[in-house]
Amino acid sequence: MATTSPLNLEYVRSQFPGLDRGWTFFDNAGGSQILKGAVERINTFLIEKNVQIGGSYEVSQAAAAALYEARTAAMHLVNASRPEEIIFGNSTTALLQNLARAMHSQLSPGDEIIVTIADHESNIGPWDRLQERGVILKTWPLNKDSLTLDLADLAPLMSERTRLVCVTHCSNLLGSINPIRAISDFVHAKGAKICVDAVAFAPHRAVDVQAFDVDYYVFSLYKTYGPHYALMYGKHDLLLELDPLYHYFYGRDKVPAKLEPGNPNYELAFSTCGIVDYLVALGEQAGETGSVRQKIEAAYRAITEQENQLTERLLSYLRSRNDCQIVGHSFNRDAQRVPTIAFRFDGRNAADLCKAMDSEKIAMRFGDFHSRRLAEYLGLTDHGGMLRVSMVHYNTLEEVDRFTTALDRILSTPEGLAQAS
Ligand SMILES: Cc1ncc(COP(=O)(O)O)c(C=O)c1O
């Protein structure tokens, strides 16, 4: 069936110079391609404003203004209420480790933190380590039948000592979106706070921290069309309560600086402006004429539509094979699945199949994708774990077809038939 893209794919792909090099990039949940506009912002900063902020001289003032512009762009990207609610950092892992450290003085022995079995290790490990300080860690299990995180399973874990619930907005293995507003309402009603890993969500859907009513919300820019960098949103009053991670004279009120020890990387932070410019352009192409935020939301609606086509194309192929186990939901009901799709073939080793794709110039990944506890919980670690195709809106139906054709060929050749090892 002929399908038309809701996006101008020619324009979209022209904005990502890395797409020109003959590869099909299906490892976007590992890292997406970077926008030309993000690279340009990095260059502009380095060439025109590459000095330390805080000086009285003009170039230093310009550097500080660029950093503020970056925070403002990030504010629009996540719909925060003010730029100071944005903390930049090297990676989601580093930001979450910093957050856990900055909570030391507000956690006492016997306080409880809940993590989920369905999270990437980034949003488990830092909380796990707080057990050394007497904090009690509890794990919210995944319903193995529905593959969902159910509030009914969270309820018995909550107590008057629960301080924080740490949960992923979207699993990087199952590809399914969790109902984050319902979860935050539930958690807040019990007097606790919520910390959300949105790494697998932010490339695919508009982030709206106010609509989600989340307390801390973190994702990586290098999977959201930017460079290797990340950001955290925190509610301003909660950021004020966090312990300073910088020098002693950066007091509690120095938000966001006290949470960015040694300062953020200015040029990478500045690249956020390039990401927002791009989303605004997509929103305008979709006919939106309103505010920056409205354009971002329109962009993501078009992105979702395009991605739904990719998801359906791949899922329908995988469903049609009787030797394939799709990990996660095999249908994209209500667009609650992003095009991050993990699967296994009976008796085949995921590593072998993945490596066979290398010579097809199809970049994908195998293993547990650092959601190791979930992979172990679901019994998916043997035979090289899972294969994962993770697409974003710049991927095309033709690329999906190229992949499935190559897969058919590989699975039917003697090398492809190699038994699971
Ligand atoms: C869902 C999820 N959370 C967290 C991370 C870690 O992100 P970072 O590499 O920025 O620490 C990843 C990286 O793959 C991820 O997929």
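The values are calculated or read from the model by the stated rules, or taken from the named source; none is laboratory data. Everything quoted here is computed from the prediction, not taken from an experiment. Counting neighbours? That spans all protein chains shown, and the Cβs are built from the backbone with ideal geometry, glycine included.
Return yes or no: is Phe25 more than 23 Å from Val280 (Cα to Cα) and surrounded by 14 or more Cβ atoms within 10 Å (Cβ to Cβ)? Spell out the reasoning first.
Details: more than 23 Å from Val280 (Cα to Cα): yes; surrounded by 14 or more Cβ atoms within 10 Å (Cβ to Cβ): yes.
Yes: the conditions hold for Phe25.
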Check: Quick one: would you say Ile136 is surrounded by fewer than 22 Cβ atoms within 10 Å (Cβ to Cβ) and touching a His at 6+ places or on another chain (Cβ under 9 Å)?
Finding: no
Checklist line | Breaking point among (1) farther than 29 Å from Arg365 by Cα; (2) touching a residue at least 40 places away in the same chain (Cβ under 8 Å); (3) not in a helix (DSSP H, G or I), for Glu69 | finding: (3)
Item checked: Any hit, region 391-404, residues being within 15 Å of the ligand (Cβ to nearest atom), outside the structural domain of Thr93 (by TED's automatic domain parsing) and either more than 30 Å from Ile34 (Cβ to Cβ) or surrounded by 23 or more Cβ atoms within 10 Å (Cβ to Cβ) (or both) -> yes
Next item on the list: Please specify each residue of region 391-407 satisfying the condition of being closer than 12 Å to Ser5 by Cα and aliphatic (A, V, I, L, M).
Entry: Leu397
Check: Out of curiosity, is Leu240 modelled with pLDDT of 95 or more, away from the ligand (no atom under 16 Å from the Cβ) and outside any strand (DSSP E or B)?
Finding: yes
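State the number of residues belonging to region 54-85 that are of a type in the set (Val, Ile, Thr) and under 30 Å from His204 (Cβ atoms).
Filtering region 54-85 for residues of a type in the set (Val, Ile, Thr) gives 59, 72, 78.
Applying the additional criterion that residues be under 30 Å from His204 (Cβ atoms) yields 72, 78.
Of the residues in that region, 2 qualify.
Where in region 110-188 are there strands (runs of 3 or more DSSP E), lying wholly inside it, with at least 2 residues that are hydroxyl-bearing (Ser, Thr, Tyr) and not assigned by TED's automatic domain parsing to the domain that holds Asp368?
Numbers: elements: 112-116, 136-140, 162-168.
Hits in region 110-188: 162-168.
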Item checked: Complete set of residues in region 81-113 that are within 16 Å of the ligand (Cβ to nearest atom) and crowded, with 19+ Cβ neighbours inside 10 Å -> Ile86, Ile87, Phe88, Gly89, Thr92, Thr93, Leu95, Leu96, Asn98, Leu99, Ala100
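Every residue, every condition in (1) closer than 26 Å to Pro203 by Cα; (2) surrounded by fewer than 20 Cβ atoms within 10 Å (Cβ to Cβ); (3) not assigned by TED's automatic domain parsing to the domain that holds Asn178, yes or no:
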| position | (1), (2), (3) |
| --- | --- |
| Ala335 | yes, yes, yes |
| Ile341 | yes, no, yes |
| Asp346 | no, yes, yes |
| Ala350 | yes, no, yes |
| Asp358 | yes, yes, yes |
| Arg372 | yes, yes, yes |
| Leu387 | yes, no, yes |
| Thr413 | no, yes, yes |
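Among Ala62, Ala74, Ala66, which is more than 16 Å from the ligand (Cβ to nearest atom), surrounded by 18 or more Cβ atoms within 10 Å (Cβ to Cβ) and over 20 Å from Leu137 (Cα atoms)? Spell out the reasoning first.
Values: Ala62 fails: surrounded by 18 or more Cβ atoms within 10 Å (Cβ to Cβ); Ala74 fails: more than 16 Å from the ligand (Cβ to nearest atom).
Exactly one residue qualifies, and that residue is Ala66.
Can you pull out the residues in region 274-284 that are in contact with a helix residue (DSSP H, G or I) (Cβ under 7 Å, 6 or more places away or on another chain) and either aliphatic (A, V, I, L, M) or surrounded by fewer than 24 Cβ atoms within 10 Å (Cβ to Cβ) (or both)? Steps first, please.
First pass over region 274-284, keeping only residues in contact with a helix residue (DSSP H, G or I) (Cβ under 7 Å, 6 or more places away or on another chain): 274-280, 282-284.
Once the filter is applied, which keeps residues that are in contact with a helix residue (DSSP H, G or I) (Cβ under 7 Å, 6 or more places away or on another chain) and either aliphatic (A, V, I, L, M) or surrounded by fewer than 24 Cβ atoms within 10 Å (Cβ to Cβ) (or both), region 274-284 yields Ile275, Val276, Asp277, Tyr278, Leu279, Val280, Leu282, Glu284.
It is to be established whether one or more residues within region 260-282 are among the charged types (D, E, K, R) and touching a strand residue (DSSP E or B) at 6+ places or on another chain (Cβ under 8 Å).
Step one: of region 260-282, the residues among the charged types (D, E, K, R) are 260, 267, 277.
Pick out the ones that are also touching a strand residue (DSSP E or B) at 6+ places or on another chain (Cβ under 8 Å) and you get 260.
Yes: one or more hits.
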Next item on the list: Within region 24-43, identify whether any single residue is touching a strand residue (DSSP E or B) at 6+ places or on another chain (Cβ under 8 Å), outside the structural domain of Ala70 (by TED's automatic domain parsing) and either modelled with pLDDT under 95 or in a helix (DSSP H, G or I) (or both), and answer yes or no.
Entry: no
